[in-house]
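To start, the structure under review is shown below, and the notes come after it.
The values are calculated or read from the model by the stated rules, or taken from the named source; none is laboratory data. Here the structure is a predicted model, which is why all the values come from computation and not from measurement. Every residue, glycine among them, receives a Cβ derived from its backbone with ideal geometry; neighbour counts consider all protein chains shown.
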Amino acid sequence: MKQIIKLIIVLVAMASVSAEAGMIARANAVPQGIPSGIALGGPGTVNGTNMGQPNLPGSIPQGAPGPGGKTNVGQRDIIDTVEQSYRALNTLIADFFQRSTLAKERREMRADGQMFLKAANDREPLKFRFNYFRPTNHEIVSNGRSLWTYLPENRKVLLSDVSFVFDPMRFNPDRDRASNFLQGLGRISKDFMITSPPQGQDVDGNYILELEPRRATETIQKLFIVVNRDAVLQYVWNNRDIRKIINDPQRPEWTFPILSTTVVDHQGNTTIMEFSNLKANAAISDQTFEFMIPGGVDVVRPSPR
């Protein structure tokens, strides 16, 4: 249960934690972390080995072959690929793998499942569902107004009001500072100071961005994003017009080019999420983001601070 609560906070609190989530965090959250550096397995791997010659901070390895020869990719190109593709995203279905390690205890926890996302627009709030399959079944569901966290083994549902966080009438990505990670992917350059770590790229050539909040937060000290190399190159090769590369049914990873995220908190604890088997802009019923509370289950409604 504690691991699931921590995930809620990481996903639903990029820049700040809602009153409900903050209360739950203090009561239940387990610190999560990873020993020195980032260590991802699979696509988007950054493990400190076989990285080739390191690049200076802020530099991007050059020389990717393009239609006219070598392609120069700048940090702005990587950021634009993330922000512009997310702003064009309507829905997303993806498998995820989560790895958390307790910094003090040096204990690792792993989980996987499937996520559903419906991006916010000027009329509808952000909606999402995370179905955990292992190590145990859990569900995290939000219709943009309520957030349900169902813990079958405990016969409990945590029910929180998140309407003030996701209200589309209160959030304009061009104007307002994002209050959560999923809401803020379209404006990371406004909410974070962004550099490229010494590695620059992972072993597969995917680009790495290192983000630090412009304003202090309770849950995030640093955020690392591994961005699909091919999506960035296609963006550059197509005259930096995101419309020419998104919505390709054969390459859904270009519509959602994030391979993994790594959140580091103030205790050095880290939560990693990797994404695969993407389906971008597929039809998803709004019922997917509703939750029917099973009979005989206790409903816990956290009180604001």
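Observations, loosely collected:
- Strands (runs of 3 or more DSSP E) enclosed by the stretch 60-105 - at least 1 residues per element that are at pLDDT 80 or above and hydrophobic (A, V, I, L, M, F, W, C): 91-102
- Any chance Ser276 is out of contact with any strand residue (DSSP E or B) (no Cβ under 7 Å at 6 or more places or on another chain), surrounded by fewer than 20 Cβ atoms within 10 Å (Cβ to Cβ) and of a type in the set (Ser, Thr, Tyr): no
- Residue check for Glu253: among the acidic types (Asp, Glu), touching a His at 6+ places or on another chain (Cβ under 9 Å) and at pLDDT below 90: no
- Scanning the stretch 129-138 for residues that are in contact (Cβ under 8 Å) with a residue 40 or more places away in the chain and over 17 Å from the mean Cα position of the chain (by Cα) turns up just one, His138.
- Taking the criterion of being free of Cβ contacts under 8 Å to residues at least 40 places away in the same chain and of a type in the set (S, T, N, Q), the residues of the stretch 269-305 that qualify are Ser285, Gln287.
- Residue count for the stretch 232-249, restricted to those that are surrounded by 20 or more Cβ atoms within 10 Å (Cβ to Cβ), in contact with a strand residue (DSSP E or B) (Cβ under 9 Å, 6 or more places away or on another chain) and not β-branched (Val, Ile, Thr): 1
- Single residue of Arg110, Arg134, Arg155 found to be modelled with pLDDT of 85 or more and at positive phi: Arg155
- Considering the stretch 87-145, the residues that are crowded, with 21+ Cβ neighbours inside 10 Å and of a type in the set (D, E, K, R) include one that is farthest from Asn277 (Cα to Cα), namely Lys127.
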